[in-house]
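Input: a single structure, listed below in structure tokens.
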Amino acid sequence: MDVSSLKARYLDSCKKHEVQPNSAILSWFSQAKIQNSNNEKCSIAISLDQLRDADILPLTNLLMSSNSADIDAVDIFLKSNSDLGKANVKALINVVNLKLRVVDLQDLALGNDFLWDLLQGCLACQVFNLRSINIQKLNMVGSFLRLHTLSMDFCTSLASLQKDCFSGMPNLMRLSMCETRIANLMATTGALSKLPSLVELRFQSCLCCKDTGACSNLQGQHNLQSEVQEKDEFLVSVCKLDLKNAAITLKYITHCRSPICFEKYYREYMISMLPGLEVLDNFPIRKTERELAMTTAGKYYEYLPYKRHHKESVVSVLHKREMGTNGIHYQRPFKPKQLHPYRNGQNFFLRSLCAAKIGSSMWPLLHPLSKFSHSFKAENKKPRPRQFEYHPSNPSLMVFGSLDGEVVVLNHENEKIVGYIPSVGRAMSSVLGLCWLNKNPSKLVAGSDNGSLKLFDINYMSREVSGSFCSSSAATFDDFEQLISLHVNSTDDRLLASSYSKGLALYDLASGKRLQLFTNIHQEPINVSKFSHHSPYMFATSSFDHDVKMWDLRQNPMRPCYTASSSRGNVMVCFSPDDLYLLVSAVDNEVKQLLAVDGRVHMNFEIAATGSSHNYTRSYYMNGRDYIISGSCDENIVRICCAQTGKRLRDVHLEDTESGNSIFVQSLRGDPFRHFHMSILATSTRPSSKWEIIKVMLMCHHHLCCLKVLKGMAKIALDFTQVNLLRSSCYSEENSSGQCFNPSCCLGG
């Protein structure tokens, strides 16, 4: 290549456009000349911070007119603020795109819209460095066919990966995302699974390594020694390697960690879910470690629902159902069909459909239920949910009570208000208790923290948001001060209310009269009291005194059937739908399942604690009693675990769809009609943030379409046309010593 000719053409272009030649550009040609004399390929390194807008036109004209043999590769760097306009940078990148080798845009000051356009297009570079970029979500949906190395270290605002953000990178081999905010282990591995060529990955780096490869000191079998001045910045883990039949212990010192690295069994899960990975966090993956990781991940995580090991298509499952076969072939001698009725029963195929639709990389889709708030004309009249419950027989209805004492019955499918009750009588403060009647499902009981208790009939509720309602539709109960929760028994004749005063009250539902008052049955406030689903006499109480107690109305009211204790204050207790188990949630993620008959521990879910005494945890059942969902008020995550094995199936991370900020779980319910649907009551850390209800869809669009097509083929398919995890904003709880951190937010179920 004649570099002198290239330089001359640049000078001619400057003269033509009346632009003074840039000394930095002239120096690039000098460097290319040196490469040429050494018989090296000609590459030009363009530093954007050395260019002015006036330099772009002659430079792009030169690069456009250059013969393909003139320049072999172009590297573009931006290491400090540049005065270049966005349009000029785009023009320059477009001209050299096919010859791009490295694009290094550290501390990009050109704005998120420029970066968005860049990530949506077709960038032909081989190495892409986006260190220290201010970006909250990575959505690289463009085409990056030549890209083999991507670095997004120190992108401290980056909190999540989109489902298909890596789908346009079939040749990406090395990825580094150290010191980001990425924390969702399951969603992250789901995104990374779209990278078929990935062999090196980092979310934390070895102290002595600058790239993603295996540490050279490790490969050389030397102990890594380093002086650590600030212990909080480094993680020291001891790893054992079997090298040449000798056990060698190496100090592996890492830093620049992302939150995902603190997830329990992070390394094991990554290795098991990404079988092509060879190096993780600068540490090579040996065969023995891979085998151990597979065993560990299988012990603590559920790959597919209901212990399925292989994913099937929805069409295949429905076909087997219609043909009366499950496709399972046994090598054992034949046994009569009646001995295994569950294998061809409805539950078997129901669970098979769940496993078919919720794959290992399934993404929750968050959808705010905000249209109903348009019914509130005044800006300050938007409801702020404080408590909610699904309707017991109508799949489309739910009721929520607000911090301002309103009761709203909502069709959560079409987002229309079905009934509305404003604050009535004695102004109802925060609505802490809501319960539908079982045999009269048009009626519900609402209770507030000022002691007001009322029975409403939705047939008499106004559908308009107004300041009045038909008073004849409400029945009033004797007040119960400092009310925290309420619950109606299975026969709709008794109402149980618990209060912050460590007591319970039993009401006659028909007359509203208080029948009995139980005082000081716990040492601290009773956060929740629940009747069983089938017996009208049995109920359980959970208290911040660490105890859960089972009671029988037919026995001595001061003597519980049994007492079970937690190590922290109990926030929540509920019966499984068949009353076989009690699900108990204590402060800071202490979640256990007890045998309802005698209180023995059946399953300890071993969810990691945060160390916060105000991290109030609530858990409920989902899919009948097959799974449990658990969330806490100091965390933006809902965990889904198998109720029988304790294995984690999925984590759902929550964030505000508008601001991108995290929102925190205050309460939640499993949808009683749709498998893998739930509702989440959540709030932001900022008091001024709006309150809303959100649906989260777990099922992919492909399966949604399949089920709609197969709508007439099997009625069972209709139950899966939506997979929602509703989120609605609200409140917190109370600490383990019984001292209320925030009385308005700390109590109730």
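The values are calculated or read from the model by the stated rules, or taken from the named source; none is laboratory data. No experiment lies behind these values; they were computed from the predicted model shown. Here Cβ is always computed from backbone atoms with ideal geometry, including for glycine, and neighbour counts include all displayed protein chains.
May I ask you to list the residues in segment 8-27 that are assigned to a helix (DSSP H, G or I) and under 55 Å from the mean Cα position of the chain (by Cα)?
Residues satisfying the conditions are Y10, S13, C14, S23, A24, I25, L26, S27.
Under 6 Å between Cβ atoms, which residue pairs at least 6 apart in sequence (or on different chains) link something in segment 148-164 that is closer than 13 Å to S132 by Cα with a partner that is small (G, A, S)?
S151/S176; D153/S176; F154/S132
Where residues in segment 160-176 are in contact with a strand residue (DSSP E or B) (Cβ under 7 Å, 6 or more places away or on another chain) and part of a loop (DSSP other than H, G, I, E, B), which of them is surrounded by the fewest Cβ atoms within 10 Å (Cβ to Cβ)?
Residues of segment 160-176 that are in contact with a strand residue (DSSP E or B) (Cβ under 7 Å, 6 or more places away or on another chain), as a first pass: 160-162, 165, 168, 172-176.
When the remaining residues are screened for being part of a loop (DSSP other than H, G, I, E, B), the result is 162, 165, 168, 172-173.
Working: Q162: 15, C165: 18, G168: 19, L172: 25, M173: 18.
Selected residue: Q162.
Tally time: how many residues in segment 502-522 are assigned to a loop (DSSP other than H, G, I, E, B), free of Cβ contacts under 8 Å to residues at least 24 places away in the same chain and in contact with a Lys or Arg (Cβ under 8 Å, 6 or more places away or on another chain)?
2
Please tell me if K307 is farther than 30 Å from R174 by Cα and at pLDDT 80 or above.
Considered against the rule, which asks whether it is farther than 30 Å from R174 by Cα and at pLDDT 80 or above, K307 comes out as yes.
Taking the criterion of being assigned to a loop (DSSP other than H, G, I, E, B) and surrounded by fewer than 16 Cβ atoms within 10 Å (Cβ to Cβ), would at least one residue in segment 73-80 satisfy it?
Yes, segment 73-80 contains at least one residue that is assigned to a loop (DSSP other than H, G, I, E, B) and surrounded by fewer than 16 Cβ atoms within 10 Å (Cβ to Cβ).
Restricting to segment 113-130, count the residues that are surrounded by 20 or more Cβ atoms within 10 Å (Cβ to Cβ), modelled with pLDDT under 90 and assigned to a loop (DSSP other than H, G, I, E, B).
Final tally of qualifying residues: 2.
Has segment 532-540 got any residue that is farther than 22 Å from D492 by Cα, touching a strand residue (DSSP E or B) at 6+ places or on another chain (Cβ under 9 Å) and not hydrophobic (A, V, I, L, M, F, W, C)?
Checked segment 532-540: no residue is farther than 22 Å from D492 by Cα, touching a strand residue (DSSP E or B) at 6+ places or on another chain (Cβ under 9 Å) and not hydrophobic (A, V, I, L, M, F, W, C).
From S619, S566, which residue is among the hydroxyl-bearing types (S, T, Y), touching a Gly at 6+ places or on another chain (Cβ under 9 Å) and at pLDDT 95 or above?
Values: S566 fails: touching a Gly at 6+ places or on another chain (Cβ under 9 Å).
Result of the check over S619, S566: S619.
Of the residues that sit in segment 28-60 and are out of contact with any Leu (no Cβ under 8 Å at 6 or more places or on another chain), in a helix (DSSP H, G or I) and at pLDDT below 85, which one is nearest to S82 (Cα to Cα)?
This residue is W28.
Quick check on segment 537-569: of everything there that is in a loop (DSSP other than H, G, I, E, B) and under 37 Å from the mean Cα position of the chain (by Cα), which residue is farthest from L432 (Cα to Cα)? Before the answer, list the steps.
Let us first name the residues in segment 537-569 that are in a loop (DSSP other than H, G, I, E, B), namely 537, 544-546, 553-561, 566-569.
Restricting the remaining residues to those that are under 37 Å from the mean Cα position of the chain (by Cα) gives 544-546, 566-569.
Numbers: F544: 17, D545: 20, H546: 21, S566: 24, S567: 26, R568: 23, G569: 19 Å.
Ranking the qualifying residues of segment 537-569, first place goes to S567.
Among the numbered criteria (1) free of Cβ contacts under 8 Å to residues at least 40 places away in the same chain; (2) out of contact with any Phe, Trp or Tyr (no Cβ under 9 Å at 6 or more places or on another chain); (3) hydrophobic (A, V, I, L, M, F, W, C), which single criterion is violated by V584?
Here V584 clears every test but (1).
Every residue in segment 131-159 that is among the hydroxyl-bearing types (S, T, Y), over 25 Å from V74 (Cα atoms) and outside any loop (DSSP other than H, G, I, E, B), please.
none
Quick check: is even one residue across segment 437-459 at pLDDT below 70 and in contact with a strand residue (DSSP E or B) (Cβ under 6 Å, 6 or more places away or on another chain)? Walk me through it before giving the result.
Just the residues of segment 437-459 that are at pLDDT below 70, to begin with: none.
Looking through segment 437-459, none of the residues is at pLDDT below 70 and in contact with a strand residue (DSSP E or B) (Cβ under 6 Å, 6 or more places away or on another chain).
Take the residues in segment 317-346 that are surrounded by 13 or more Cβ atoms within 10 Å (Cβ to Cβ) and at pLDDT 60 or above, then tell me which one is farthest from G646 (Cα to Cα).
H319
Residue-by-condition table, conditions (1) under 28 Å from V102 (Cα atoms); (2) at pLDDT below 90:
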residue	(1), (2)
L161	yes, yes
G190	yes, yes
V238	no, yes
K244	no, yes
Y252	no, yes
Y266	no, no
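Yes or no: N97 among the polar types (S, T, N, Q), part of a helix (DSSP H, G or I), over 47 Å from the mean Cα position of the chain (by Cα) and modelled with pLDDT of 80 or more?
Working: among the polar types (S, T, N, Q): yes; part of a helix (DSSP H, G or I): yes; over 47 Å from the mean Cα position of the chain (by Cα): no; modelled with pLDDT of 80 or more: yes.
For N97, the condition - among the polar types (S, T, N, Q), part of a helix (DSSP H, G or I), over 47 Å from the mean Cα position of the chain (by Cα) and modelled with pLDDT of 80 or more - is not met.
When you go through V431, V407, V399, V424 one by one, which is the residue that is modelled with pLDDT under 90 and either within 17 Å of Y507 (Cβ to Cβ) or among the β-branched types (V, I, T) (or both)?
Result: V424 is the single residue among V431, V407, V399, V424 that is modelled with pLDDT under 90 and either within 17 Å of Y507 (Cβ to Cβ) or among the β-branched types (V, I, T) (or both).
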